[in-house]
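Have a look at the structure below before the remarks.
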């Protein structure tokens, strides 16, 4: 069975602070994929990133960066110099093996205050 | 290029009534997924299609739920004899034909059963 745990239910920061969202996953598949999605107040899930289990290179995209560590089964997401527009619920998700479905964590509500 | 669209965006119905939701995927995508999201939770997988074939159904999908994807294009999700516990956001997503590709989500249909 696959499982994704996002231990941080809510995080509140002040604009320009850096913030890291944690994601820990469980899977028995040797090949799997990890994702992050953003769900702003409007409700639509927005795809942010996909990582393969065999590629542990960290990735940076503008103010966003992702740290994938297989040794600790973690796929953490850092926003540098946060902005009010970053306020949203962020979901970590997992798919793998013969399962095409995404298994989501419960999400982390990020509030960035001006 | 248009994204995934869903109709209606909101539906209020009385307990016991039947409801039907529609999803139009991104045109190049041959995989289509349905998820359900309740308040404070991540989306939960319901079912998915590859072209017109329904390949997997979750245990969450009781006998009152049925989904179709005629001709491998749009999909419908029908709930018969709605119950208050069916109140949720119903999300549709689509992707290319491989589990490594990210799923793109529509805006969802929010169902309220009174």
**Request:** Using the number of other C-beta atoms within 10 angstrom as an exposure proxy, rank A:54, B:45 with the fewest first.
**Result:** A:54, B:45
**Complete:** Dividing the mean separation of Cα pairs under 8 Å (6+ apart) by the residue count of chain A yields a relative contact order in percent of 38
**Request:** Per residue of B:106-112, count partner chain C-beta atoms within 10 Å of its C-beta, then hand back the mean as an integer.
**Result:** 2
**Fill in**
By the Kirkwood definition, with r running over pairs of different Cα atoms, segment A:1-63 has a hydrodynamic radius in Å of 14.1
**Asked** What FRET efficiency comes out for the pair residue B:101/residue A:64, r = Cβ-Cβ distance, R0 = 25 Å, nearest 0.05?
**Response** 0.80
**Message:** I need the calculated FRET efficiency for the pair residue A:55 and residue B:56, taking r as the beta carbon distance and R₀ as 25 Å, to the nearest 0.05.
**Reply:** 0.40
**Message:** If I histogram all Cα-Cα distances within segment B:36-100 using bins 5 Å wide from 0, what percent of pairs lands in each bin?
**Reply:** 4, 14, 27, 26, 17, 9, 3, 0
**Request:** Please give, to one decimal in nm, the separation of the simple spin-label points placed at residue A:84 and residue B:87, each 7 Å out from Cα toward the Cβ.
**Result:** 3.2
**Item:** log₁₀ of I(q)/I(0) at q = 0.15, 0.20 Å⁻¹ - chain A, Debye sum with one point per alpha carbon
**Value:** -0.61, -1.05
**Message:** What distance in nm separates the two pseudo spin-label positions at residue A:47 and residue A:15, each 7 Å out from Cα along the beta-carbon direction?
**Reply:** 3.1
**Request:** Kindly put A:55, B:24 in sequence by how many other C-beta atoms sit within 10 Å of each C-beta, fewest to most.
**Result:** A:55, B:24
**Request:** Consider all pairwise Cα distances in chain B and report the whole-number % of them above 16 Å.
**Result:** 56
**Request:** Compute the projected area of the convex hull of the Cα atoms of the protein assembly as shown, averaged over all viewing directions, and report it in nm² to one decimal place.
**Result:** 12.6
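Each reported figure results from applying straightforward, stated rules to the coordinates on display, with no laboratory input. Since the structure is predicted, the reported quantities are computational estimates derived from the model, not experimental observations. Here the Cβ is made from the backbone with ideal geometry for all residues, glycine too, and neighbour counts use every protein chain on show.
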